[in-house]
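The values are calculated or read from the model by the stated rules, or taken from the named source; none is laboratory data. Every value quoted in this text rests on a predicted model; they were computed, and no experiment measured them. Here the Cβ positions follow ideal geometry from the backbone for every residue, glycine too, while neighbour counts run over all protein chains shown. Note: areas computed on protein heavy atoms with side chains; ligands, DNA, RNA excluded. Shrake-Rupley method; radii C 1.70, N 1.55, O 1.52, S 1.80 Å.
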Protein chains: 2
Amino acid sequence: MKNCFQFILLFGFYACETPVPQNEASPKVNPQKVTVLTDLKYPWSICFLDENDVIISEKDGHLLRVDLVSKNKQIIEGFPNDLADSIRIKDRRDNSGLFEIVKHPAFTQNQWIYISYAAQNEIGTTTKVIRAKLTDNQLDDIKTILVAEPFSADLFHYGGGMVFGLDAKLYITIGERLYHERDEPPLPIAQDVRDKRGKIYRLNDDGSIPDDNPDFGPEAQAGIYAIGIRAAQGITMNPEDGSIWFSEHGSSQGDELNLLKPSANYGWPIKTTGKYRNQDYNPPEMEGTDFEDPVHYWLQTIAPTGLTFYNGTAFPGWQGDIILSGLSRGSLWRIQLVNQEVVSLEELFVNDRIRSRKATMSPDGKLYILTDEPTGKLIEIRNGR
Amino acid sequence: MKNCFQFILLFGFYACETPVPQNEASPKVNPQKVTVLTDLKYPWSICFLDENDVIISEKDGHLLRVDLVSKNKQIIEGFPNDLADSIRIKDRRDNSGLFEIVKHPAFTQNQWIYISYAAQNEIGTTTKVIRAKLTDNQLDDIKTILVAEPFSADLFHYGGGMVFGLDAKLYITIGERLYHERDEPPLPIAQDVRDKRGKIYRLNDDGSIPDDNPDFGPEAQAGIYAIGIRAAQGITMNPEDGSIWFSEHGSSQGDELNLLKPSANYGWPIKTTGKYRNQDYNPPEMEGTDFEDPVHYWLQTIAPTGLTFYNGTAFPGWQGDIILSGLSRGSLWRIQLVNQEVVSLEELFVNDRIRSRKATMSPDGKLYILTDEPTGKLIEIRNGR
């Protein structure tokens, strides 16, 4: 390059002297937070119908349709009345409410959106996924896609993360719903294929079971794609290769980033990279069982949740990296992969922490985070350089 | 730049067609390790006399003069015979041996180098700093600059980090030398200005005391610049602003990055971001004492040691960042600062860990690390992009 410049200057092409590429002019990135929306009640997920027409789920509020330009928010009507409305539930560890929203790959043709949430009945609550037709601010033709029975009194580890694969199948994370290992049955919930909890599902867009799902045996619940899940929440797809990645909360440390593989067993509670809440808990032996290792685990608690693959242009050096929200201490991570292996991890905004529930990309490649706050925000991460 | 290329192509200067600016061709960095030297016995420090003529201290070996081109290593003769030769000391926690080497800012005129090491006498060992005139592979005119009495039987936390400031003063880290807090006297060593240990020193190039050093009172040891140090090792200067930064090992967690300030008290053992080795240890109250907070502390143990400010061209996005070696799990960190505040931390080579003692820059801006191994290496970090 240098020779080229000298060559040019020799010939006096001064036009070439000034405009240097941005990365040469200022090679350092300078991520800056720009608040786009405020007053969201613990926002959980955002679904881009187009660049500025979005649906946002408030964990402790409503399903909203929002215009990011006018900031106009409208409540989407017609939501099922079995929502475990966490506004009325006062429990320190209450995780209930509205969770993920994803649109069907052919949304423009069928207007189908998928919503996961904590549903309740007279016994308790559990994770439920519905499909609905969205017209303006109205949900119709609601179809139940998954109900992760049993309903129980517990109010945590619902999971509820969803993503469509390149195969147009819907992948869903369902948590184990236990808080204490001491409450595990002899065959732990996440290891019991007869139990719907603590699993990852792969379903057709109508909730039916794909013919090519892995076989967990005659007693297995329908739709199970992977087992041994404690409290997976965030799940996303790498648009480059279609691989699906999910985050998982450990009990004490043991927070993980995992690559989803069919019929894999992610080990909970037999195998964990963290410690048990109940020091005296002894999981059963499971000789001969293969457990899938996480791609990465943290030595400290970060409480990983919503994640995405960066494919924007504002941060050219981040292309193909995972951006992951951590609730604990409000950490945001950039994870560089090579051949599906983590080569480096960068914790961003160390001096400007905020609990975020989800990191996501817009259709035009803007990076956004949703903050986990009673008056939460939608924040765009721009390059201030 | 693009316009420039089009312009060039119009005129058919194909010579310019191929070499596109690195950052446009591939915006992602791709740090790669290239081994430059092998068979170094726990190398601790490297001092560049010029780009390829270096002095390397082997903690468990010798002071070597090495030609990085021919790889020729020669033992430097004339080293004092009071070196606590850790080759002969067999203790799991033995930290003795040769430590830092720095050259005088006017080395080309006076050939002075400064060496820190564990010196021994009939009582035990302690940290010692000498100045010597280097001619070829021979040390002469050896002058003692600092002896951190008392000598003791303990074999750890010597400190020994050294750097010259823009003020041409020599800054030296001296550890507290204790392993257990329960062995602290009523007034802890690092808090006692009458005790030479657990301090950072600022000295003239002949070991005398600068007139403008902070005043710690009539009983204070000469040359003390800051106190409250447990086990600081790495120390470096930011060439951009002359600020001096040092790393510090915590007891259980509590690993820190600190900005050096005159007369500052860094708190040990009264105030720590980690836990005590001895759970039952209760430090004395010290009301009215101001303790300096670290610029950053880690929640996990990383064992931070040698650090440097990146000022090379291979990684334009890293300019001005701290590169820090962590012994624990073999971690290497890139720390981005804005206004002397940490804005992000990236752990590098997560999938290719190696214990490193020091990260340093060559005069031409190459980034090197020294690995902490019985047959250690000098490794250059190149951008494989």
Problem set entry | Flagged links, alpha-carbon separation over 21 Å, of B:Lys41/B:Lys133; B:Lys71/B:Lys366; B:Lys41/B:Lys71 | B:Lys41/B:Lys133
Exercise. Looking at the square roots a ≥ b ≥ c of the eigenvalues of the Cα gyration tensor of region A:346-385, which shape do they give, rounded for a/c under 1.5, prolate if a/b is larger than b/c, or oblate?
Worked result: oblate
Exercise. Using a 1.4 Å probe on protein heavy atoms, which residues of region A:277-300 have at least 40 Å² less accessible area in the complex than alone?
Worked result: A:Leu299, A:Gln300
For this session: Just the number, please: Stokes-Einstein D of region B:297-385 in µm²/s, Kirkwood Rh from C-alpha pairs, 10 °C, 1.306 mPa s.
Result: 120 µm²/s
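Would you compute, from DSSP H runs of 4+ residues alone, the mean residue ellipticity of chain B at 222 nm, taking -39500 (n - 2.57) per run and dividing by the full residue count, rounded to the nearest 500?
Result for chain B: -1000 deg cm²/dmol, rounded to the nearest 500.
How compact is region B:138-194 by the rule of thumb for globular proteins, expressed as Cα Rg over 2.2 N^0.38 Å?
Dividing the Cα Rg of region B:138-194 by 2.2 N^0.38 Å gives 1.41.
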For this session: Might you tell me the accessible area per residue for region B:237-279, computed with a 1.4 Å probe and given in Å²?
Result: 35 Å²
Exercise. Which of these, B:Gly250, B:Gly159, B:Gly242, has the largest mean-square fluctuation under a Gaussian network model of chain B (Cα springs below 10 Å)?
Worked result: B:Gly242
For this session: Could you please state how large a percent of the accessible area of the protein assembly as shown is carbon and sulfur, counting protein chains only and using a 1.4 Å probe?
Result: 48 percent
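Over region A:290-340, give the accessible area per residue in Å² for a 1.4 Å probe, as an integer.
33 Å²
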For this session: Starting from the residue with the highest accessible area, list A:Thr375, B:Thr313, A:Thr308 in decreasing order, probe 1.4 Å.
Result: B:Thr313, A:Thr375, A:Thr308
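Are any of the pairs B:Lys73/B:Lys128; A:Lys33/B:Lys377; B:Lys28/B:Lys103 more than 30 Å apart by Cα-Cα distance, and if so, which? Could the numbers behind the result be given before it?
Values: B:Lys73/B:Lys128 25 Å; A:Lys33/B:Lys377 42 Å; B:Lys28/B:Lys103 36 Å.
A:Lys33/B:Lys377; B:Lys28/B:Lys103, as the Cα separations exceed 30 Å there.
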Exercise. How long is region B:145-256 along each principal axis, judged by its Cα atoms, biggest number first, in Å?
Worked result: 39, 33, 21
Seminar exercise, completed: Sequence order, region B:360-373: Karplus ³J(HN,Hα) from phi using 6.51 cos²θ - 1.76 cosθ + 1.60, θ = phi - 60°, Hz rounded, Gly and Pro as x, gives 8, 10, 7, x, 8, x, 8, 8, 10, 10, 9, 8, 8, 9
Exercise. Given the options A:Leu37, A:Leu63, A:Leu307, which has the most mean-square fluctuation in a GNM of chain A, springs set between C-alpha atoms less than 10 angstrom apart?
Worked result: A:Leu37
Problem set entry | Sequence-distant residues sharing a close amide H with B:Arg357 (under 5 Å, placed H) | B:Leu370, B:Thr371, B:Asp372
Exercise. Taking Rh as the Kirkwood radius, which is the inverse of the mean 1/r over Cα pairs, what is the Rg/Rh value for chain A?
Worked result: 1.02
Problem set entry | Label point 7 Å beyond Cα along the C-beta direction, distances from A:Asn52 to other copies (nm, shortest first) | 6.0
For this session: Compute the label-point distances linking A:Asp293 to its equivalents in the other copies; points lie 7 Å from Cα along Cα→Cβ; give nm, one decimal, shortest first.
Result: 3.8
Seminar exercise, completed: If amide H atoms are modeled at 1.01 Å from N in the peptide plane, then the residues at a separation of 5 or more from A:Asn265, or on another chain, having amide H under 5 Å from its own are A:Ile227, A:Glu292
Exercise. Using the Kirkwood formula over every pair of different C-alpha atoms, what hydrodynamic radius in Å results for region B:33-135?
Worked result: 14.3 Å
For this session: For the A and B pair, go ahead and give the buried accessible area with a 1.4 Å probe, both sides summed, in Å² to 100.
Result: 3300 Å²
Exercise. If you average 1/r over all unlike Cα pairs in region A:248-342 and invert the result, what Kirkwood radius do you get in angstrom?
Worked result: 14.8 Å
Exercise. When the gyration tensor of the protein assembly as shown is built from Cα positions, what are the square roots of 5 times its three eigenvalues, in whole Å, from largest to smallest?
Worked result: 53, 33, 23
Exercise. For region B:296-309, in order, what is each residue's ³J(HN,Hα) by Karplus, 6.51 cos²θ - 1.76 cosθ + 1.60 with θ = phi - 60°, in whole Hz (x at glycine and Pro)?
Worked result: 8, 9, 9, 7, 9, 7, 10, 6, x, 9, x, 9, 8, 9
Exercise. What are the distances, in nm and sorted shortest first, from the label point of A:Asp140 to the label points of the same position in each other copy, with each label point placed 7 Å from Cα along the Cα-to-Cβ direction?
Worked result: 9.9
For this session: Can you work out the accessible area per residue across region B:40-157, with the rest of the protein chains kept in place, probe 1.4 Å, in square angstrom?
Result: 42 Å²
Problem set entry | For region A:309-385: relative contact order, % (alpha-carbon pairs under 8 angstrom, 6 or more apart) | 25 percent
For this session: In nm, give the distance between the simple-model label positions of B:Gln319 and A:Thr108, each being 7 Å from the Cα along the Cα-to-Cβ direction.
Result: 4.3 nm
For this session: Could you point to the residue in A:Thr272, A:Thr371, A:Val193 farthest towards the positive end of chain A's charge dipole, with +1 and -1 charges on the Cβ of Lys/Arg and Asp/Glu respectively?
Result: A:Thr371
For this session: Using a 1.4 Å probe on the heavy atoms of the protein chains only, list every residue of region A:313-350 that has 50 Å² or more less accessible area in the complete assembly than in its chain alone.
Result: A:Arg329, A:Gln336, A:Val343, A:Leu345, A:Glu346, A:Val350
Exercise. With the contact rule set at Cα under 8 Å and sequence spacing of 6 or more, what percent relative contact order holds for chain A?
Worked result: 14 percent
Exercise. Once a ≥ b ≥ c are taken as the square roots of the eigenvalues of the Cα gyration tensor of region B:57-205, is the result rounded (a/c under 1.5), prolate (a/b larger than b/c) or oblate (a/b not larger than b/c)?
Worked result: oblate
Problem set entry | Residue of B:Met237, B:Met361, B:Met286 that the Gaussian network model of chain B assigns the largest fluctuation, springs spanning Cα pairs under 10 Å | B:Met286
